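Structure first, commentary second.
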Amino acid sequence: MKFLKRWLAVLRAPSRHYSLAFLTVGGFLCGILFWGGFNTALELTNREPFCIGCHEMRDNVFEELRSTIHYTNRSGVRATCPDCHVPHEWTHKIARKMQASKEVWGKVFGTISTREKFLDKRLELASHEWARLKANDSLECRNCHGFRSMDFTRQSPRAAQAHSTKLAAGERTCIDCHKGIAHRLPDMSGVPGW
C-alpha cells in the first residue's frame with residue numbers, strides 16, 4: 001500500500017525524477033501499446049466467430065445465411081457477418097461499433113434470447129438495419145458489388161433495367177430492392193407497400 005501511495009504521489013507531482021524526453025518517449029510508447037491493443041480488440045470483434053458466439057445470432061440469422069448465395073456459391077467467395085454489417089472505413093467502423101453497443105445491451109437483458117422473442121423483434125431489428133443501409137447508400141454492398149463492373153447483359157431484363165436506370169441515377173440503393181437477400185424477411189404483414 002505504501003508503494004502505491006508513493007507512486008501516486010510521484011504521478012501527481014511535477015517531474016523531479018524523469019526528464020521531459022523520457023516522459024515524451026514513454027508517453028509515445030504507451031500510446032502505441034494502447035493503439036495496438038485497441039485495434040487488435042476491434043479486429044477480433046470484427047470476425048464471424050465473434051458475431052455468432054451467442055446463440056441468438058448463431059441459431060437464427062446465421063442459419064439463414066448458410067442457405068444463401070452469399071454463403072455458398074460457384075465462385076467460392078463468401079460474405080461474412082462483418083462484410084455486410086460493419087463498414088470497412090475506420091471512422092464508419094467505429095461509429096457502427098458504437099451503435100452495436102445497443103445490441104450488447106439487448107444480449108445482456110435477453111430481449112431476443114429465445115426464438116420467439118427474436119421473431120417478435122425481427123421486423124424492428126431488420127428495419128434498423130435497412131435504414132442504416134439506406135442512409136449510407138448500401139456502402140457494405142458496394143464494397144463487393146461495383147456498379148461499374150456489372151454486366152447488364154448477364155442479368156435478367158428486370159434487374160438490368162433497374163440497375164442501369166434507378167441505381168445509376170441514384171434514385172435507389174441496393175437495399176431498396178434486395179431486402180431478404182441474405183436473411184429471411186420478417187413478417188411484413190401490416191407494412192405499407194408489401
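List pairs: first in the range 42-56 and polar (S, T, N, Q), second surrounded by 13 or more Cβ atoms within 10 Å (Cβ to Cβ) and in a helix (DSSP H, G or I), Cβ under 6 Å, 6+ apart or cross-chain?
From the range 42-56, the pairs are Asn46/Pro82.
May I ask you to verify whether Val191 is β-branched (Val, Ile, Thr) and either touching a strand residue (DSSP E or B) at 6+ places or on another chain (Cβ under 6 Å) or assigned to a helix (DSSP H, G or I) (or both)? Before you say what the answer is, go through the steps one by one.
On the way: β-branched (Val, Ile, Thr): yes; either touching a strand residue (DSSP E or B) at 6+ places or on another chain (Cβ under 6 Å) or assigned to a helix (DSSP H, G or I) (or both): no.
No, not satisfied.
What do you reckon, is Leu44 touching a helix residue (DSSP H, G or I) at 6+ places or on another chain (Cβ under 8 Å) and loosely packed, with under 12 Cβ neighbours inside 10 Å? Break it down stepwise before answering.
On the way: touching a helix residue (DSSP H, G or I) at 6+ places or on another chain (Cβ under 8 Å): yes; loosely packed, with under 12 Cβ neighbours inside 10 Å: yes.
For Leu44, the condition - touching a helix residue (DSSP H, G or I) at 6+ places or on another chain (Cβ under 8 Å) and loosely packed, with under 12 Cβ neighbours inside 10 Å - is met.
Here is a list of conditions, (1) farther than 29 Å from Leu44 by Cβ; (2) assigned to a helix (DSSP H, G or I); (3) under 19 Å from the mean Cα position of the chain (by Cα); (4) among the small types (Gly, Ala, Ser), and Ala95 meets all of them except one; can you say which number that is?
That leaves (1) as the condition not met.
Of all residues in the range 135-188, how many are outside any loop (DSSP other than H, G, I, E, B), of a type in the set (S, T, N, Q) and touching a helix residue (DSSP H, G or I) at 6+ places or on another chain (Cβ under 9 Å)? Write out each step before concluding.
As a first pass, look at the range 135-188 and keep what is outside any loop (DSSP other than H, G, I, E, B): 135, 139-142, 147-149, 152-154, 157-167, 174-177.
Subsequent filtering for residues that are of a type in the set (S, T, N, Q) retains 149, 153, 161, 164-165.
Cutting the leftovers down to touching a helix residue (DSSP H, G or I) at 6+ places or on another chain (Cβ under 9 Å) gives us 153, 161, 164.
The total comes to 3.
Select from the range 137-176 the residues that are of a type in the set (A, V, I, L, M, F, W, C) and farther than 24 Å from Met57 by Cα and list them in ascending order.
Residues of the range 137-176 that are of a type in the set (A, V, I, L, M, F, W, C), as a first pass: 139, 141, 144, 147, 150, 152, 159-160, 162, 167-169, 174-175.
Once the filter is applied, which keeps residues that are of a type in the set (A, V, I, L, M, F, W, C) and farther than 24 Å from Met57 by Cα, the range 137-176 yields Phe147, Met150, Phe152, Ala159, Ala160, Ala162, Leu167, Ala168, Ala169.
Here, each number is a calculation from the coordinates, and none is a lab measurement. This is a predicted model, so every value here is computed, not measured. Positions of Cβ are generated from backbone atoms using ideal geometry, with glycine treated the same way; all protein chains shown enter the neighbour counts.
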